[in-house]
1. Give 127, 131 a once-over and let me know the one that is in contact with a Leu (Cβ under 8 Å, 6 or more places away or on another chain), of a type in the set (Lys, Arg) and within 30 Å of residue 35 (Cα to Cα).
2. Select from region 110-137 the residues that are among the polar types (S, T, N, Q) and either touching a residue at least 60 places away in the same chain (Cβ under 8 Å) or part of a loop (DSSP other than H, G, I, E, B) (or both) and list them in ascending order.
3. So which strands (runs of 3 or more DSSP E) stay within region 48-93 end to end and still have 3 or more residues that are touching a Leu at 6+ places or on another chain (Cβ under 7 Å), loosely packed, with under 14 Cβ neighbours inside 10 Å and among the β-branched types (Val, Ile, Thr)?
4. Would you please name the residue that is farthest from residue 122 (Cα to Cα), looking only at residues in region 141-197 that are aromatic (Phe, Trp, Tyr) and assigned to a strand (DSSP E or B)?
Amino acid sequence: MRNTLKRKTLGAMALLGAGLFLAVGCKSTPELTQANALALIQAKYDQAPPAGINITVSDLGMRQGIVAKYWERTKVYPNRFWADFTLTPEGKKVIKLPKGGDVIEWRPDSTTDTHFVAVVVTATANRLKARDIKDIQDETLPGVDSAKGAAFTESVDFTGVPDPLQNIAHNPGNTLSSKRQADFSLEGGAWKLHSIE
């Protein structure tokens, strides 16, 4: 009976000691949730200066811009398919031209050229948005003890951009979102954004 009592006491002490060792010696890794990961990515984007959105304007977009009164045709060239379009006062409020000025030089190769485009930039400057983060996976990063990664969607933000200009931006040829990969590292007991690819 004495031996049994001694064994139970020693067993209980060993268990208590192991539990104490684990509690003091090993810190648990905090969980990286999708909401936390998304917040870290968005914080990075929010640090960048806001910028206008580049919009590729095709033949359809040129016609939509005329209807929206953003530009008007002010010159037609002898070949009948080249033209100059001048920004209207309304157009100058909502877009800028990458090279400056107020004239869009429309110069397709022929009357049937459907590939020629012009580029305009929204006057409204916004920051990129992160959304739709996917499953977070363990990763290996050089020089990092604990790392995770996740795919997400990076998209432009149309806040403050008028609807007619948004419609032009949604025409084929414009990239309004793209798939990206974010890597996170555990530093000082907290997850940090390591990189975006």
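None of the figures in this text is laboratory data; all of them are computed from the coordinates on show. Remember, predicted model here, so these are calculated numbers, not experimental data. Quick reminder, even Gly has a Cβ in these numbers, built from the backbone with ideal geometry, and neighbours come from all protein chains shown.
1. 131
2. Of everything in region 110-137, those that are among the polar types (S, T, N, Q) and either touching a residue at least 60 places away in the same chain (Cβ under 8 Å) or part of a loop (DSSP other than H, G, I, E, B) (or both) turn out to be 110, 111, 112, 114, 122, 124, 126.
3. none
4. Across region 141-197, the extreme among qualifying residues is 191.
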